[in-house]
1. Filter the stretch 146-192 for residues that are assigned to a strand (DSSP E or B), surrounded by fewer than 21 Cβ atoms within 10 Å (Cβ to Cβ) and not charged (D, E, K, R) and give the result.
2. Condition first: of a type outside the set (Asp, Glu) and at pLDDT 75 or above. Now tell me which residues in the stretch 144-159 satisfy that.
3. Return the residues of the stretch 88-103 that are within 18 Å of LEU183 (Cα to Cα) and either part of a strand (DSSP E or B) or not β-branched (Val, Ile, Thr) (or both); say none if nothing qualifies.
4. Could you please give the count of residues in the stretch 148-188 that are in contact with a strand residue (DSSP E or B) (Cβ under 6 Å, 6 or more places away or on another chain) and closer than 30 Å to GLU83 by Cα?
5. Could you grab me the full set of residues in the stretch 125-143 that are β-branched (Val, Ile, Thr) and modelled with pLDDT under 90?
6. Considering only residues of the stretch 73-109 that are hydroxyl-bearing (Ser, Thr, Tyr) and under 13 Å from PRO145 (Cα atoms), which is surrounded by the most Cβ atoms within 10 Å (Cβ to Cβ)?
7. Across the stretch 65-87, what is the total count of residues that are under 15 Å from LEU173 (Cα atoms) and either part of a loop (DSSP other than H, G, I, E, B) or not hydrophobic (A, V, I, L, M, F, W, C) (or both)?
Amino acid sequence: MRLVAPKLFLFYIIMLSACTADTGAPPDKQAVAAADTAAAAPQNANSPLVEAIEVVDTSDLEYSEGAIVIDWEMLSDVTFEDEYNEEVQAYVPYPTFGATIQALEGREVQIEGYIIPLEETGDETILVLSAQPYSSCFFCGGAGPESVMDIKLKEGARRKFTTDDRMAFQGRLRLNDSDLYYLNYILEEAEVVD
């Protein structure tokens, strides 16, 4: 798994550069922080950034095919605090997830968004799902880090994906507050929902 991370970091930098080149505008603070965020992975397994989980009733959430249906508005229940990271020698935005999001950790969820393939990395088992189309996505500075999710495809779910296709995926949600090689939201064992 770690062998893929440098390729993902390179892809994130390429995406950020491409977006900046397309718009002619300099990257904003959030976009620069995104590149810095992807640059290093603290080795602290006991990260203090996820607060104590409070009991949240998820029974009133919508379910489909045994999964909780989530949307990007739900995923915006996160705050970020910039902290200096010695390894990358830059300020990095670290997340603190809200109670509802924490309650979804490890649960089977469904989410819909726009595809951003990562074929440039050579790894067809992972892609990015965005709340916004490519031209206004997080990598172009048009949205925050809570608006993108790594999609790690289930074995056998590989296929050709096209940028900006709107698709739904189902998988197990993992929250990431410390591994800077991945996005803050990761959908593991993901499959396309027809």
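1. Selection gives MET167, ALA168, LEU175, ILE186, VAL192.
2. Hits for the stretch 144-159 are GLY144, PRO145, SER147, VAL148, MET149, ILE151, LYS152, LEU153, LYS154, GLY156, ARG159.
3. Residues satisfying the conditions are ALA90, TYR91, VAL92, PRO93, TYR94, PRO95, THR96, PHE97, GLY98, GLN102.
4. Total meeting the criteria: 18.
5. Selection gives THR125, ILE126.
6. TYR94
7. 5
The values are calculated or read from the model by the stated rules, or taken from the named source; none is laboratory data. Note that this is a predicted model, so its numbers are computed, not measured. When we count neighbours, we look across all protein chains shown, and the Cβ atoms used for this are built from the backbone with ideal geometry, even at glycine.
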